[in-house]
Every structure is written in structure tokens, then in C-alpha cells.
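What follows is calculated from the coordinates using simple rules that are stated; it is not laboratory data. Given the structure is predicted, the values throughout are model-derived calculations rather than measurements.
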């Protein structure tokens, strides 16, 4: 039976031309026979995502309010790969500040840029190998792995295991490089299909991408980016507000174990059930964060209006939700105002306690909105 018959066929482990054993994935199925437990998980997850979609469409200024989602996802997705950067590090680097572990932080910043690029490209380009390659090139720009074919599929064998692991001792060996173009082509065809429920298709596409491991480096991050991109591409969400990296990062061992169990255990439901169990609570968390962000923006605006603040000051306060670390030149560019006008708005928010200067310098000062940082980024993770 082939995968398209509805019987799960993950692929085969067999000897590659180089004399090592590698996993050759089969094409993904277009039908599945679901157990009741999976149907229940899918029903709950789908309902939660639909509620999130409804709330996110009400965002008055989505370009400002989705910034926190993107940055949190970037930090957590990169942390799975071993980076130690925090959201504060990322925001400080964006403001032109100096941070420890700059290369780690640059990797996270690249993730933010890659996601935004891919989201913008979806307006004119299908979710395809071309878009994936473009996104990978941005992800690997100027960081570790920048010489490992950024934006191109691998031409050598890679493998998965702890640092220093040799090919013979690898935990998992993806297909040989000459198999990658065909496997990605089949995955692209699957992504464009509409036979399976959306969340099932997204889950299986992520699984298959991680199994193919088409790049020398950056596969995990690109695979996790596929999740929000597919939801946007399918019209499930209009903006990228659902991310599961926090769920995967919470117990990395289980994340990898469920992928392996589906590859070698003969059933897709080890991975599917694990994936769907994470969707509902994290969709609800995103819904609550969205409401909280809208309330925060409204409260800032109303409080400043009642206090007689200028329009520039109010606009700056709202932009701080997206960029809680700023400099005067950045504010001038963001708001398209003169430097003195930008500095006056900063000083007004300083007097009200919304901003504080954190460098102690006379020039090139950086200002932090500590209360907004706490409100936006310090919320507990869902259970």
C-alpha cells in the first residue's frame, strides 16, 4: 500500500550509496483513518484556532501588535537550537545597543527578519521551495552556518545527534542529498493540496520537513516557520499569531521522541496527537495575549489623551508595544517627525514614567519601556 491509500507508510531505513544507513521518507498521505481520540483533539484544536482567528482579525493596528508574537517565537525557536539570547537582548540589539553573545542574538534577529519576509512574500508567491530557500538565506545571513549553502538545499549528507556525534553513531540520518529535491517537490505538492484538515496537514508538513532535513543547517527553525506560514497560506489565520515553539521547547525530548516514534513506529498519530495537544492551549494563550495587547494599547491612548499629551507622544507610546527599546533617531524615523519632536515625545513619556534612559550616556541614548516589557513579554506560558 502507498501513503496515498490512507495507510501510513513513513518510509524505509536502508543503505545509502555512501555505505551508511539513511531514512528514505515516503510521500505523505492524502487520507487518514483517525481514531476517536485524535478526532477529539483535532476538534478542540480547530475550535481554538478559529477563535484566535476571529480575535486577531479585530486588531486595530496589526503591524504594531504582532511584533511581540514574532519576537517570542524567534527567541524560543532559536533556543531549541541552543542559542541563549533573550527577548531583552533582541530588543536591545534592534535599538542599536551592545549585547553579550551578539552572534546568538543576531541569529534570533535573522529569524524575525526571515518570518516577516516570508509573510510578505506569501502575497505574491505560493508557499514553495523557492520561498523556503529565500527564507533560509535570510535566516543564515551573517551567522554560524552562513557558509553552509544559505538558501540552497544540501549537497552533502547531514545527521542528527549530540555535538560531536559521528555519522555512524547518529540518532537519525535523513535521506541522502540526491533524494532531497524529489522529496521536497513531493512535500510542496502536499502543502498545496487540500485533502486533509488544515491542522493535520500543517502537522504532517512540519514532520516531513524535519525528516527530509533539506539544509545543512537551520532545518529546525525553517520547519517551525512552516507552521504559521501554512496557516496564513490556507486562510486559517490572517497574521502569524500562533506559534508552537514554546510548546516544543518546554520538553524537547518529547518533541524529538514523537517525531522518531512516527518515523519508526508505524503510525502518524504519535506525532499528530502530540502536535494537536499543543495547539489548543497555545491558541488560547495567543487569544488572551491579543486581547491584553489591545487593552494595553487602548489604556495607553486614553490615559495620555486625558492627560493632554500630544499626538506624537500618543503615537510613540503605542509603538512602544512593538519596540519597547528606542532611540531618538529611531523614533524620528518611525513617526516621520523631526529629531526635536521625537526627543520631546520621549521626554514627555519619561516624565510620566513610561520610559527610562538605560545607558547613562550624554549621546546615543537608549530608552526602555519597562512596564510595557513586563506586560507584553513576562506573561506565564500556558499549561
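Quick look at the values:
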item: Gyration tensor verdict on segment 12-52 (Cα atoms; rounded if a/c is under 1.5, prolate if a/b is larger than b/c, oblate otherwise); result: prolate
item: Principal semi-axes in Å for segment 256-322 [√(5λ), Cα gyration tensor, largest first]; result: 47, 11, 5
item: Helix 252-265 vs. the chain, principal-axis angle (Cα, 0 to 90°, nearest 10); result: 30
item: Debye intensity ratio in log₁₀ form over the Cα atoms of the chain, taken at each q of 0.07, 0.09, 0.11, 0.15 Å⁻¹; result: -0.35, -0.56, -0.81, -1.35
item: Coarse-grained scattering of segment 221-283 at q = 0.26 Å⁻¹, given as base-10 log I(q)/I(0) from a Debye sum over alpha-carbon atoms; result: -1.18
item: Calculated [θ] (222 nm, deg cm²/dmol) that DSSP helices of n ≥ 4 give over the chain, each run adding -39,500 (n - 2.57); result: -18000 deg cm²/dmol
item: Whole-number Å³ per residue for the convex hull built on Cα positions in segment 1-139; result: 200
item: Distance histogram for segment 310-377 (every C-alpha pair counted, 5 angstrom bins, percent rounded to whole numbers); result: 4, 19, 33, 27, 14, 3, 0
item: Degrees separating the helix 198-212 axis from the principal Cα axis of the chain, which is the longest one; result: 70
item: Nearest 10 degrees, 0 to 90: helix 180-192 Cα axis against the chain principal axis; result: 70
item: Taking N as its residue count, the alpha carbon Rg of segment 60-180 over 2.2 N^0.38 Å; result: 1.20
item: Cα shape, segment 121-188, gyration tensor, a/c 1.5 rule; result: oblate
item: q = 0.20, 0.21, 0.26, 0.28 Å⁻¹: log10 I(q)/I(0) that the Debye formula gives for segment 287-333, counting C-alpha atoms only; result: -0.69, -0.75, -0.96, -1.02
item: Along principal axes, Cα extents of segment 74-130, largest first, whole Å; result: 38, 24, 14
